[in-house]
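None of the figures in this text is laboratory data; all of them are computed from the coordinates on show. Note that the coordinates shown come from a computational prediction; the quantities given were computed from them, not determined experimentally. Every residue, glycine among them, receives a Cβ derived from its backbone with ideal geometry; neighbour counts consider all protein chains shown.
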Ligand code: URA
């Protein structure tokens, strides 16, 4: 693989930035400065240091996307815009897919990867991976709604939700809900059990990883090493 491609796929710098850093002697391959970023390396065998930091080779790619409204959580769709369309061609070639689903009108944090085993494990109901959603609803929630969420809401179809945490805004017209499961339309159906309706829904954390608020809707970035570490530890 070309060195500039390797550095950009690790999320450290664009290919142009890599070329500039290499000119300044800040790119080392096996301890020797490499100024030709078109050179091919084997990241599994060679040690690359970029701007003073050793670059960890990863078999899989993990990205964070700030999902906009109107996109389906899919890798293809005949009629509707889908989330992987928001990724650049080099990432689309890597066949990333979303870890879990968000409704078409839900916005916010979506993690995409090509690490099928980790994604599958994180979504297993046994893992209790937490997800926090910011929401708004059309009517104020009752004063005891926090206790009902904590005790476990029974949905209209009889499904008994696991204990969830509700933190209401002072006007009770919204707030934050944290779940450790992910049933179809779960937040909307939980709020509907109070004869109410969700008017805005945004996922703000997944597996304790917060949405990077510097990403505009539709923008993405690679997960950092720390974030990948958190994700992999939850899937262990
Ligand atoms: N709950 C919902 O109702 N919709 C989502 O997209 C996510 C959680």
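A few points about this structure:
- Residue order for 17, 227, fewest other beta carbons within 10 angstrom first, comes to 17, 227.
- Taking each DSSP H run with n ≥ 4 as -39500 (n - 2.57) and averaging over every residue of the chain yields -5500 deg cm²/dmol at 222 nm.
- Kirkwood Rh, angstrom, region 131-206 [1 / mean 1/r, Cα pairs]: 12.1 Å
- Over region 65-153, relative contact order from alpha-carbon pairs under 8 Å, at least 6 apart, %: 25 percent
- Our summary gives region 3-55 a relative contact order of 33 percent, counting only alpha carbon pairs under 8 angstrom and 6 or more residues apart.
- With viscosity 0.890 mPa s and temperature 25 °C, the Kirkwood radius over alpha carbon pairs of region 54-138 converts through Stokes-Einstein to a diffusion coefficient of 174 µm²/s.
- Bridge orientation summary for the chain: considering DSSP beta bridges with both residues in this region, about 95 percent are antiparallel.
- Computed from the C-beta positions of residue 23 and residue 2, the FRET efficiency with R₀ = 22 Å rounds to 0.85.
- Förster radius 41 Å - calculated FRET efficiency between residue 16 and residue 124 (Cβ-Cβ, nearest 0.05): 0.50
- Simple spin-label estimate for residue 165 and residue 204 gives 1.2 nm between the two label positions (7 Å along the Cα-to-Cβ direction from each Cα).
- Point-to-point label distance, residue 156-residue 54, nm (Cα→Cβ direction, 7 Å offset): 5.7 nm
- Region 126-192: relative contact order in percent, alpha carbon pairs under 8 Å with at least 6 residues between: 39 percent
- Potential lengthening between residue 212 and residue 32 on full extension [0.36 nm per residue; Cα-Cα distance subtracted]: 61.3 nm
- The order of 115, 105, going from fewest to most other C-beta atoms within 10 Å of their C-beta, is 105, 115.
- What the Cα atoms of the chain give is an Rg and a Dmax of 21.0, 66 Å.
- Rg to Rh, two decimals, where region 3-55 supplies the alpha carbon set and Rh follows Kirkwood: 0.89
- Relative packing of 73-81, 203-211, which averages over residues the other C-beta atoms within 10 Å, highest first: 203-211, 73-81
- Neighbour-count order for 133, 82, fewest beta carbons within 10 angstrom listed first: 82, 133
- C-alpha center-to-center spacing [region 172-236, region 42-92] in angstrom: 19 Å
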